[in-house]
Ligand SMILES: [Fe+2]
């Protein structure tokens with residue numbers, strides 16, 4: 001059972017590594033971590049089941065998303081917020097895995113890699129974090145808003161970068177949004193903070 005789970009995690013990691021190497025914006029942002037170690041661990045009992053089911057039901061063709069959907073019940077899902085912060089509807093249609101990173105399914109202290117999902121029409125209010133960040137749109141679309149720039153729409157295959165503590169908000173398009181995102185920087189283990 002554990003072996004099958006580890007194989008699923010390694011399969012997802014391998015596809016992510018391929019996406020990274022085939023996407024110059026990602027490989028320029030940060031090299032693929034060389035310190036990745038497998039950290040076999042139990043999936044926590046408290047997992048966001050409604051959000052996981054939404055991920056499984058999401059219509060997508062990208063191989064990285066398909067791999068995540070196929071093994072969704074065996075992954076470690078996280079949410080950076082509580083119901084009180086963003087509301088039940090947001091929490092039911094939002095979640096991510098930390099594929100690698102200081103607290104990831106695989107441990108790395110060089111870089112963090114996330115695969116995240118947000119449902120159609122959600123608004124993720126202005127927030128910031130210490131880490132520098134890059135998003136790759138795997139599926140769907142998102143409009144990013146910054147503090148001093150016009151909103152910009154991003155579609156499948158496009159990338160968006162944020163510097164450390166750069167405020168940003170997200171309006172999710174009508175087909176939802178799934179991303180492969182990287183964080184780097186010495187304070188990358190710090191969580192995001194809402195600015196409202
Ligand atoms: Fe961010």
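FYI, it's all coordinate maths here, none of it is from the lab. Fair warning: this is a prediction, and the values are worked out from it, not measured in the lab.
Details
- Residue among 159, 28, 179 with the largest mean-square fluctuation in a Gaussian network model of the chain, springs linking Cα atoms under 10 Å: 28
- Shape category assigned to segment 116-196 from the gyration tensor of Cα positions, a/c cut at 1.5: prolate
- When only alpha carbons are used to place a centre, segment 171-196 and segment 21-40 end up 17 Å from one another.
- Taking the alpha carbon gyration tensor of the chain, multiplying each eigenvalue by 5 and rooting it gives semi-axes of 24, 20, 17 Å, largest first.
- Taking only the Cα atoms of segment 1-49, the ratio Rg/Rh comes out at 1.08, with Rh defined as the Kirkwood radius.
- Under the Debye formula (equal points on every Cα, no solvent term), log10 I(q)/I(0) of segment 11-117 at q = 0.12, 0.13, 0.16 Å⁻¹: -0.43, -0.50, -0.76
- By the Kirkwood approach, averaging reciprocal distances over each pair of separate Cα atoms, segment 78-158 gets a hydrodynamic radius of 14.3 Å.
- Normalised by the number of residues in the chain, the mean separation of alpha-carbon contacts (under 8 Å, six or more apart) gives a relative contact order of 21 percent.
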